[in-house]
Amino acid sequence: MRRKSGELYFSALITSIFMAVTVCAQGKKELVVKQIQEGPIIDHKHPDISASGNKSGFETGQVVKIKGVYHMFVNEMFGRPHLDMRIAYWTSTDAVTWKRKSTVVESVPGRSATNLRSEVWVTAVEFNEEEQAWNIFYVAYRGGDKARGELEGYDYAGRIWRAKSTVAGRDGIAGPYVDTGIVLQPDANSQSWEGQQAIAAFNPYRVGDSWYAFYDGHNHVPKSDWPLGIAKAPRLSGPWTRLPEGQNPIPISAIFNENVEVTELKAGGYLAIFDSFGDQEIGYSLSDDGIHWAKERRLKVQSPNNLWADAGDHATRTPLGAIEEEDGSFTVVYTARYTKQGKVFFGLGQVVLGWE
C-alpha cells in the first residue's frame, strides 16, 4: 500500500528520533556479567519441585526485592512444557536459595479454541500506590480453532489480566490475589503487526506520572518475527491504550525478544532486560526517557566452566527482571532449558551484572 506524504514524514520523524536517542543511550557504559552462580539455583532435584508436582520447570515471571527479601512470581509448567501452566510464589533472602510458598493462579487444563484460560503466563508484578496493593499481570491464551484454519497446538488471542492482592500494603505481596479484569486484548484497536498471538506478555513501568508497558505480538501463519510494542495508561489499573502504529512496533531487536522487564535506574534512565537469541544469552536495552530505546545488546550468562543450559536460541529463556542493588550491581534470575539423562527441564539460573 502506498503511503501518503504525511505518513512518510511521520515515519521518518519517528526513525530520526529513535536513532538520536539510540546514539545517546549507547554512549552509556555497557553492562557486563560480574558473577555467575554455579549451576542452576533450582533444578529438577529441588525438594519443592517434587513436593509441588512440577514436572517441566519454569518460564516467565518477575522477581522483586522488599526489605532484603526476594519475591518471585513465576510460571510453573506442572505438566507438559509451555502447556500445563500455573503461577507460583517463591521467596529467598539471597536470590540463590529459594522456598516455594504458594500457588497464586491456576490454569484451566485442556487447550482448546473455547478454553480462554488453558495457559496463564505471569509477566509483571507492581505495587499500585493508588490501591495500596500489589498487582500481578498475566497472559491467558486460547488454543487454535482448526475449523477457522488456525493451528490447534498454538497460542491465540492473548488477554492481559490484572489481579490484585487482597491484603493491603507492601507487606501483602504474598496475596491471595483476585482478578480485577482484562486490561489489554485483541480488539478494534489492534495493530497490523500484532498478529494472531497478541497480546503476548505485558510489563508495566512508570515514567513520571504515566505508566507504560511493553507488549509482544506474533503471527503463526504466515510465520512472522516477534515485534514489540508499547501501551500507555494514566494509572496502573488503566485504561491502557497502544502507542500509535508507526511508533509501534519498537525496533529494539531485529527478529525476536519476549517478556521485557524494565528497571528505572537510580542514576536516571531505564534498563530493559529480556529473552533474546543466542546460546546462553539474554538481551538488554537502555533508554533515557523510557519511551525511546536503543538497539539490543546481548550478555552471555554462562561460562565454559559453568555451562549447564542447552545450546540454541530458545534454550536460555527469560530473565525475571534486573534488581538494582545498593552497590550498583544487578541481580538477575533467569529460566533456561537443560537436558540430563534424557530428561528435559527448565531450571532457574542466577547472575550478577554491573557496569563496565
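At a glance:
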item	result
Condition met for ILE273 (among the hydrophobic types (A, V, I, L, M, F, W, C), surrounded by 20 or more Cβ atoms within 10 Å (Cβ to Cβ), touching a Leu at 6+ places or on another chain (Cβ under 6 Å) and touching a residue at least 12 places away in the same chain (Cβ under 8 Å))	no
Among (1) within 27 Å of THR97 (Cβ to Cβ); (2) under 15 Å from the mean Cα position of the chain (by Cα); (3) of a type in the set (Val, Ile, Thr), the one test that VAL351 misses	(2)
When residues of segment 242-264 are limited to those that are touching a residue at least 60 places away in the same chain (Cβ under 8 Å) and polar (S, T, N, Q), the one nearest to TRP121 (Cα to Cα)	ASN259
Looking only at segment 270-324, and only at residues there that are outside any strand (DSSP E or B) and aromatic (Phe, Trp, Tyr), the one that is nearest to VAL344 (Cα to Cα)	TRP308
Residue match in segment 179-201 (condition: surrounded by fewer than 13 Cβ atoms within 10 Å (Cβ to Cβ), more than 30 Å from PRO251 (Cβ to Cβ) and of a type in the set (Ser, Thr, Tyr))	no
Only listed residue being touching a strand residue (DSSP E or B) at 6+ places or on another chain (Cβ under 6 Å), closer than 24 Å to VAL139 by Cβ, surrounded by fewer than 19 Cβ atoms within 10 Å (Cβ to Cβ) and of a type in the set (A, V, I, L, M, F, W, C), chosen from LEU243, LEU348	LEU243
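Conditions (1) of a type outside the set (Phe, Trp, Tyr); (2) at positive phi; (3) surrounded by 15 or more Cβ atoms within 10 Å (Cβ to Cβ), marked per residue:
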{"site": "ALA254", "(1), (2), (3)": "yes, no, no"}
{"site": "TYR284", "(1), (2), (3)": "no, no, yes"}
{"site": "ILE291", "(1), (2), (3)": "yes, no, yes"}
{"site": "ASP327", "(1), (2), (3)": "yes, no, no"}
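One line per residue, one yes/no per condition, for (1) in contact with a strand residue (DSSP E or B) (Cβ under 6 Å, 6 or more places away or on another chain); (2) of a type in the set (Gly, Ala, Ser); (3) more than 24 Å from ILE49 (Cβ to Cβ):
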residue	(1), (2), (3)
GLU76	yes, no, no
TRP90	yes, no, no
VAL105	yes, no, no
ARG111	yes, no, no
PHE127	yes, no, yes
ILE136	yes, no, no
ASP145	no, no, yes
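For every residue, the table says whether it meets (1) within 13 Å of LEU236 (Cα to Cα); (2) at pLDDT below 95; (3) among the hydrophobic types (A, V, I, L, M, F, W, C).
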| residue | (1), (2), (3) |
| --- | --- |
| GLU131 | yes, no, no |
| VAL139 | no, no, yes |
| ARG148 | no, yes, no |
| TRP161 | yes, no, yes |
| ASP171 | no, no, no |
| VAL178 | no, no, yes |
| ASP187 | no, no, no |
| TRP193 | no, no, yes |
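The values are calculated or read from the model by the stated rules, or taken from the named source; none is laboratory data. For clarity, every value in this text was computed on a predicted model and none was experimentally measured. Cβ coordinates were reconstructed from backbone atoms using ideal geometry, including for glycine residues, and neighbour counts include every protein chain displayed.
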